[in-house]
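Participant: One structure coming up, written as structure tokens, with questions to follow.
The values are calculated or read from the model by the stated rules, or taken from the named source; none is laboratory data. Small disclaimer: the values here were computed from a predicted structure and weren't measured. We place every Cβ from the backbone using ideal geometry, glycine too, and count neighbours over all the protein chains shown.
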2 protein chains.
Amino acid sequence: MKLYEKLADEITEAVRRGVFAAGERIPSVRYASQQHGVSIKTVLHAYALLESRGIVETRPQSGYFVREAALQAFRPETRLPGGKPAPLVAPVAAEVDVSRLVLSTLRSIRAHDAVPFGSPYPDPSLFPWRRINQYANAIARRQASWNLIDDLPPGNPELIRQIARRYAENGMPVDPGEIVITLGATEAINLSLQAVAKPGDTVAVESPTYYAMLHAIERLGMRAIEVTTHPVDGIDIDALAQVIARQKIAACMVMPNFQNPLGFQMPDARKRQLVELLAAHQIPVIENDVYQELYFGETRPSTLKSFDTQGLVLHCASFSKSLTASYRIGWALPGRYRAQVEKLKFLNTLTTPSAPQVAVADYLRQDGYDRHLRHVRKVYRQQASIMTALVRRFFPAGTRISTPQGGYVLWVELPERVDSMRLYQAALARSITVGPGMMFSTRNDFRHFIRLNYSYPWTAQSEAALKTLGELVAQMA
Amino acid sequence: MKLYEKLADEITEAVRRGVFAAGERIPSVRYASQQHGVSIKTVLHAYALLESRGIVETRPQSGYFVREAALQAFRPETRLPGGKPAPLVAPVAAEVDVSRLVLSTLRSIRAHDAVPFGSPYPDPSLFPWRRINQYANAIARRQASWNLIDDLPPGNPELIRQIARRYAENGMPVDPGEIVITLGATEAINLSLQAVAKPGDTVAVESPTYYAMLHAIERLGMRAIEVTTHPVDGIDIDALAQVIARQKIAACMVMPNFQNPLGFQMPDARKRQLVELLAAHQIPVIENDVYQELYFGETRPSTLKSFDTQGLVLHCASFSKSLTASYRIGWALPGRYRAQVEKLKFLNTLTTPSAPQVAVADYLRQDGYDRHLRHVRKVYRQQASIMTALVRRFFPAGTRISTPQGGYVLWVELPERVDSMRLYQAALARSITVGPGMMFSTRNDFRHFIRLNYSYPWTAQSEAALKTLGELVAQMA
């Protein structure tokens, strides 16, 4: 193949892949000659070939542009309407890779506008995005160049102060010097786990447990041991004590408030008991408290952290459920492991982007957060009732439903014969997503359970979707 | 202690720590009563006590506010002027923890306005931050709520397209479907390494090597083996071949373009040779190409990726050196390991924040990037010459200097008797930072080397600082 043909083929391929879009200019002849290390004549020859293929056109004094009609030359099925590349939705195999299943569910919601009962995230339209946009906008107007070193770990000082202030307001004094800002609670949990345990170690978790905890354990080459967890009281402390007596446990990971998927709020006495049991064995505990502000009761629930006297609780949280998910602002209060977590943050992602940190700090400094949260809590409480009532109406006998004390998910036990993976597939074919129960365990438990998200506003479409789900369940039961 | 005293003490402590700042309102009596689970009377009692201590004052119809004078009650040395908490600068011990040393250097620059010769980052004032701010601003005005799932891994589709377009323009066609957006190159390198090697594995690196590579290897429980690296030609391929013949190497990590700290550009023939050697043994190679756009020659240098026929090159890069550091936008082109890297990204940090991705995509869609880069390259080339000339003038005989082909750091070999850790300490005492050579190896090599950053504009102060450094070196030699 000649040089000019090779260059023309490269550009053709780039257009086919959408790298150069219709109407966009391709590199100038001089620039292409330099960067590809070929003569001007070769580039001119290549561009003429592209013109003859109908891929580009010249515009006087401007250069070469991708023709609007260029894409017609290519197979249509690789592109969605609107010219966007087709999403890379991975097919879900029988032997399920849970993280791939989660990602696939999310992509289905995006690509096919599927009903988001399977989403783990809150409805973003409930976030106070107008206000947050105002702060982001003001920052872009006032801030000159950002210096990376201003907000290095532990993070932006004003954001750290505002987070500490929020805890103080909620009756849980914390030392701002303990806070490490992370990229969402996801990173906080990963770093905390790495700070306290090493590959090969065993980590005790709830059962069912939030799958991101299982992923973190698996990814770091550790083993999870699942401990029976009560839908109202939380992790079974006697069962945990027996596990600890039997084998070496490097750490424990729990979600004492509005656990995903069970929705319970662990009673204070049990939180204290859990902290004391673990302290007696000097076992660190990672407390995932991301739903802390989404309580249905009168006040913010207590935390394991508030009962901790030995610095063994690594408390992780974020604003992703209550304020803004796409800003990715989370934090850890790592107790005696603070130095390790801060160092791991530095090594893992260097630092969390500055502007989102400052925008959230600015938002918190004003006094609208409480008002926003009161509204969100009310909405979630109402929507929990509506969804519970409708599941009761549409689903067959033998269905049992959790009673969440906060957060935005229901845990639904289906008649035993129903396989929730089959339900997942059948629902997806009808543009409805659900969270299959087997995601929440490594033991193939909970196959006849599903998790349903009720954060989205209730519509005729979602009501019809829930009815369809109920019918599918009835057929499978 | 009585309940009201306990509450008053908690708030006093929060004020001392800066959680409630001077002039800020503390929680209302009703809210505090709810959240602390005490009576209204107890809160009133506690607040009266705080008033008598001079910590808060009442304002009619508004509530209780922290007094401007409240801070005088506390020890002054825990606070800097301006009320900011003192930075947590860790003392550097004799047995050096390299990541702590790096972080400590950066904090010194921030806290004490030290001369930033020791910084690994480029001068942020050279970034086109006015333009980027405009895009960030426009996004905040046009965008409604952000949906987390829009930009899930692999990342924002338009940003991915723009990155692929940039490669295509530079004569290196890539498949946009291969790109995974990360939080800076730091995360890209960490995920790539985890995708190809496991704890206990051995990874071959250059010597000297960029310390973040060593950190990634150490953090994942792997072992680094350091291979002699030539200041002009790059890693010694014969030496690497011998290492491979002797032991199992799980992966190789290199920086073929403008290596930090040596600054070389590996010749094309050697890049090809390296890729072929590794392909013959099916060893994946992580290519750190963060300085790709900061070349001093005529055109963008080739990459290992461009010689890869087997998908064994995991190419990592970012905009942090060339466009904006605080946005933290990096990416990986992981070859045959794409699915693993995408999944690890999802598990590690879920997703990169949306707004910075969109702002960078918007910036790239316009045509200012090349003009900006031409300017930056010219500045760095000039500043490299100036610093080289001044090191020659100020430093004693026996000093040798690298000849960087791009990037913004010089590698300086000092007379053999000079201990660069002692130099680091002595310089820091004079508010000058340097990068001690032992950071770039785990073998205690390079003790008489330092790395100097020349990205900052040359001033009388920096010239004086370099003169001081030269004098310190002469004293120690």
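Participant: May I ask you to list pairs of residues, at least six apart or on different chains, whose Cβ atoms are under 7 Å apart, with the first in the range B:445-456 being of a type in the set (Asp, Glu) and the second being not in a loop (DSSP other than H, G, I, E, B)?
Facilitator: B:ASP445/B:SER207
Participant: How many residues are touching a Leu at 6+ places or on another chain (Cβ under 6 Å) and assigned to a loop (DSSP other than H, G, I, E, B) if we restrict to the range A:282-304?
Facilitator: The qualifying residues number 2.
Participant: Something else: Report, by residue number, each residue of the range A:206-218 that is of a type in the set (Ser, Thr, Tyr) and either in contact with a Lys or Arg (Cβ under 9 Å, 6 or more places away or on another chain) or within 14 Å of chain B (Cβ to nearest Cβ) (or both).
Facilitator: If we filter the range A:206-218 for residues that are of a type in the set (Ser, Thr, Tyr), which is where we start, we get A:207, A:209-211.
Selection gives A:SER207, A:TYR210, A:TYR211.
Participant: Moving on to the next point. Among the residues of the range B:269-278, is any more than 18 Å from B:GLU206 (Cβ to Cβ), touching a residue at least 24 places away in the same chain (Cβ under 8 Å) and surrounded by 16 or more Cβ atoms within 10 Å (Cβ to Cβ)?
Facilitator: no
Participant: Which residues, counting only those in the range A:134-148, are touching a Pro at 6+ places or on another chain (Cβ under 9 Å) and surrounded by 23 or more Cβ atoms within 10 Å (Cβ to Cβ)?
Facilitator: A:ALA136, A:LEU148
Participant: Here is a further query. If I ask for residues that are charged (D, E, K, R) and either part of a helix (DSSP H, G or I) or out of contact with any helix residue (DSSP H, G or I) (no Cβ under 8 Å at 6 or more places or on another chain) (or both), which ones from the range A:146-188 would you list?
Facilitator: A:ASP150, A:ASP151, A:GLU158, A:ARG161, A:ARG165, A:ARG166, A:GLU169, A:GLU178, A:GLU187
Participant: Okay, next question. In the range B:209-228, which residues are over 26 Å from A:ARG219 (Cα atoms) and in contact with a Leu (Cβ under 7 Å, 6 or more places away or on another chain)? Write out each step before concluding.
Facilitator: Here is the first cut: in the range B:209-228, the residues over 26 Å from A:ARG219 (Cα atoms) are B:209, B:226-228.
Within the range B:209-228, just B:VAL227 meets the criteria.
Participant: So, one more: For A:ILE237, work out the one condition from (1) β-branched (Val, Ile, Thr); (2) surrounded by fewer than 16 Cβ atoms within 10 Å (Cβ to Cβ); (3) touching a residue at least 40 places away in the same chain (Cβ under 8 Å) it doesn't fulfil.
Facilitator: Only one criterion in (1) β-branched (Val, Ile, Thr); (2) surrounded by fewer than 16 Cβ atoms within 10 Å (Cβ to Cβ); (3) touching a residue at least 40 places away in the same chain (Cβ under 8 Å) is unmet by A:ILE237, namely (2).
Participant: I've got another one for you. Condition first: buried (at least 17 other Cβ atoms within 10 Å of the Cβ) and out of contact with any strand residue (DSSP E or B) (no Cβ under 9 Å at 6 or more places or on another chain). Now tell me which residues in the range A:382-401 satisfy that.
Facilitator: A:GLN383, A:LEU390, A:PHE394
Participant: Would you be able to tell me the number of residues in the range A:421-462 that are part of a helix (DSSP H, G or I) and either of a type in the set (Phe, Trp, Tyr) or surrounded by fewer than 15 Cβ atoms within 10 Å (Cβ to Cβ) (or both)?
Facilitator: In the first step, residues of the range A:421-462 are kept if they are part of a helix (DSSP H, G or I); the result is A:421-429, A:437-440, A:460-462.
Now restrict to residues that are either of a type in the set (Phe, Trp, Tyr) or surrounded by fewer than 15 Cβ atoms within 10 Å (Cβ to Cβ) (or both): A:422, A:424-425, A:429, A:440, A:460-461.
Here the count works out to 7.
Participant: Can you tell me which residue in the range A:289-345 is farthest from B:ARG100 (Cα to Cα), limited to those that are basic (Lys, Arg) and out of contact with any helix residue (DSSP H, G or I) (no Cβ under 7 Å at 6 or more places or on another chain)?
Facilitator: Per the criteria, the residue is A:LYS321.
Participant: Could you look through the range B:394-449, keep only residues that are farther than 19 Å from B:THR229 by Cβ and polar (S, T, N, Q), and pick out the one that is farthest from the chain's Cα centre (by Cα)?
Facilitator: The qualifying residue farthest from the chain's Cα centre (by Cα) is B:THR399.
Participant: Looking only at residues that are more than 9 Å from chain B (Cβ to nearest Cβ) and among the aliphatic types (A, V, I, L, M) in the range A:103-128, which one is surrounded by the fewest Cβ atoms within 10 Å (Cβ to Cβ)?
Facilitator: Per the stated criteria, the residue is A:ALA111.
Participant: Could you list, in sequence order, all residues of the range B:172-190 that are among the acidic types (Asp, Glu) and in contact (Cβ under 8 Å) with a residue 12 or more places away in the chain? Let's see the steps before the verdict.
Facilitator: First, pick out the residues of the range B:172-190 that are among the acidic types (Asp, Glu): B:175, B:178, B:187.
Hits for the range B:172-190 are B:GLU178, B:GLU187.
Participant: Answer with yes or no whether A:GLY221 is under 23 Å from the mean Cα position of the chain (by Cα), free of Cβ contacts under 8 Å to residues at least 24 places away in the same chain and within 14 Å of another protein chain (Cβ to nearest Cβ). Can you show your working first?
Facilitator: Details: under 23 Å from the mean Cα position of the chain (by Cα): yes; free of Cβ contacts under 8 Å to residues at least 24 places away in the same chain: yes; within 14 Å of another protein chain (Cβ to nearest Cβ): yes.
Against the criterion (under 23 Å from the mean Cα position of the chain (by Cα), free of Cβ contacts under 8 Å to residues at least 24 places away in the same chain and within 14 Å of another protein chain (Cβ to nearest Cβ)), A:GLY221 qualifies.
Participant: Okay, next question. Return the total of residues in the range A:305-349 being part of a helix (DSSP H, G or I), within 13 Å of another protein chain (Cβ to nearest Cβ), among the basic types (Lys, Arg) and in contact with a strand residue (DSSP E or B) (Cβ under 9 Å, 6 or more places away or on another chain). Please lay out each step first, then the result.
Facilitator: Of the range A:305-349, the ones part of a helix (DSSP H, G or I) are A:305-307, A:335-349.
Add one more test, that the residue is within 13 Å of another protein chain (Cβ to nearest Cβ), and what stays is A:306, A:338-349.
Restricting the remaining residues to those that are among the basic types (Lys, Arg) gives A:338, A:343, A:345.
Adding the requirement that they be in contact with a strand residue (DSSP E or B) (Cβ under 9 Å, 6 or more places away or on another chain) leaves A:338, A:345.
Total satisfying the criteria: 2.
Participant: Now for a separate question. Might you let me know whether the range A:464-474 holds any residue that is modelled with pLDDT of 95 or more and within 22 Å of the chain's Cα centre (by Cα)? Full working, then the answer.
Facilitator: Just the residues of the range A:464-474 that are modelled with pLDDT of 95 or more, to begin with: A:464-474.
This time we only want the ones that are within 22 Å of the chain's Cα centre (by Cα), so: none.
No, because not a single residue in the range A:464-474 is modelled with pLDDT of 95 or more and within 22 Å of the chain's Cα centre (by Cα).
Participant: To continue, here is another question. Could you please find all residues in the range A:1-11 being farther than 22 Å from B:LEU364 by Cβ and either part of a helix (DSSP H, G or I) or in contact with a helix residue (DSSP H, G or I) (Cβ under 6 Å, 6 or more places away or on another chain) (or both)?
Facilitator: Residues of the range A:1-11 farther than 22 Å from B:LEU364 by Cβ: A:1-9.
Selection gives A:LEU3, A:TYR4, A:GLU5, A:LYS6, A:LEU7, A:ALA8, A:ASP9.
Participant: Same structure again: Quick test for you: out of B:ILE225, B:ILE244, pick the one residue that is surrounded by fewer than 23 Cβ atoms within 10 Å (Cβ to Cβ) and not in a helix (DSSP H, G or I).
Facilitator: Numbers: B:ILE244 fails: not in a helix (DSSP H, G or I).
None of the other options fit; the residue is B:ILE225.
Participant: Of all residues in the range B:12-42, which are in a helix (DSSP H, G or I) and within 11 Å of another protein chain (Cβ to nearest Cβ)? Even if it seems obvious, please write down each step before you answer.
Facilitator: Step one: filter the range B:12-42 for residues in a helix (DSSP H, G or I), giving B:12-16, B:29-36, B:40-42.
Correct list: B:THR12, B:GLU13, B:ALA14, B:VAL15, B:ARG16, B:TYR31, B:ALA32, B:SER33, B:GLN34, B:GLN35, B:HIS36.
Participant: Does the range A:387-402 contain at least one residue that is within 14 Å of another protein chain (Cβ to nearest Cβ) and in contact (Cβ under 8 Å) with a residue 40 or more places away in the chain?
Facilitator: Looking only at the range A:387-402, we keep the residues that are within 14 Å of another protein chain (Cβ to nearest Cβ), and these are none.
No: the range A:387-402 contains no residue that is within 14 Å of another protein chain (Cβ to nearest Cβ) and in contact (Cβ under 8 Å) with a residue 40 or more places away in the chain.
Participant: Sticking with this structure for a sec: Restricting the range A:162-171 to residues that are free of Cβ contacts under 8 Å to residues at least 40 places away in the same chain and facing chain B (nearest Cβ under 7 Å), which is surrounded by the fewest Cβ atoms within 10 Å (Cβ to Cβ)? Spell out how you get there, then give the answer.
Facilitator: Step one: filter the range A:162-171 for residues free of Cβ contacts under 8 Å to residues at least 40 places away in the same chain, giving A:164, A:167-169.
Then keep just the ones that are facing chain B (nearest Cβ under 7 Å); that gives A:164, A:168-169.
On the way: A:ALA164: 25, A:ALA168: 24, A:GLU169: 22.
Ranking the candidates gives A:GLU169 first.
Participant: Looking at (1) within 17 Å of A:VAL473 (Cα to Cα); (2) in a helix (DSSP H, G or I); (3) free of Cβ contacts under 8 Å to residues at least 40 places away in the same chain, find the lone condition where A:GLN382 falls short.
Facilitator: Condition not satisfied by A:GLN382: (1).
Participant: Also, I was wondering about something else. When A:LEU191 is evaluated against the numbered criteria (1) at the interface with chain B (Cβ under 8 Å from one of its Cβ atoms); (2) of a type outside the set (Gly, Ala, Ser); (3) more than 11 Å from A:ALA317 (Cα to Cα); (4) in a helix (DSSP H, G or I), which criterion, by number, is the only one it fails?
Facilitator: Status for A:LEU191: all satisfied but (1).
Participant: Are any of the residues in the range B:131-154 more than 10 Å from chain A (Cβ to nearest Cβ) and either on the phi > 0 side of the Ramachandran plot or modelled with pLDDT under 95 (or both)?
Facilitator: Step one: list which residues in the range B:131-154 are more than 10 Å from chain A (Cβ to nearest Cβ), which gives B:131.
Adding the requirement that they be either on the phi > 0 side of the Ramachandran plot or modelled with pLDDT under 95 (or both) leaves B:131.
So far as the range B:131-154 goes, yes, one or more of its residues are more than 10 Å from chain A (Cβ to nearest Cβ) and either on the phi > 0 side of the Ramachandran plot or modelled with pLDDT under 95 (or both).
Participant: Residues of the range B:228-241 being in a helix (DSSP H, G or I) and either outside the structural domain of B:HIS281 (by TED's automatic domain parsing) or in contact with a helix residue (DSSP H, G or I) (Cβ under 8 Å, 6 or more places away or on another chain) (or both), which ones?
Facilitator: Narrowing the range B:228-241 to residues in a helix (DSSP H, G or I): B:237-241.
Within the range B:228-241, B:ILE237, B:LEU240, B:ALA241 meet the criteria.
Participant: State which residue pairs qualify: first residue within 16 Å of B:GLY297 (Cβ to Cβ) and inside the range A:20-39, second residue β-branched (Val, Ile, Thr) and surrounded by 15 or more Cβ atoms within 10 Å (Cβ to Cβ) in any location, beta carbons under 6 Å apart, and separation of 6 or more residues or different chains.
Facilitator: Between residues of the range A:20-39 that are within 16 Å of B:GLY297 (Cβ to Cβ) and residues that are β-branched (Val, Ile, Thr) and surrounded by 15 or more Cβ atoms within 10 Å (Cβ to Cβ), the close pairs are A:SER33/A:VAL43.
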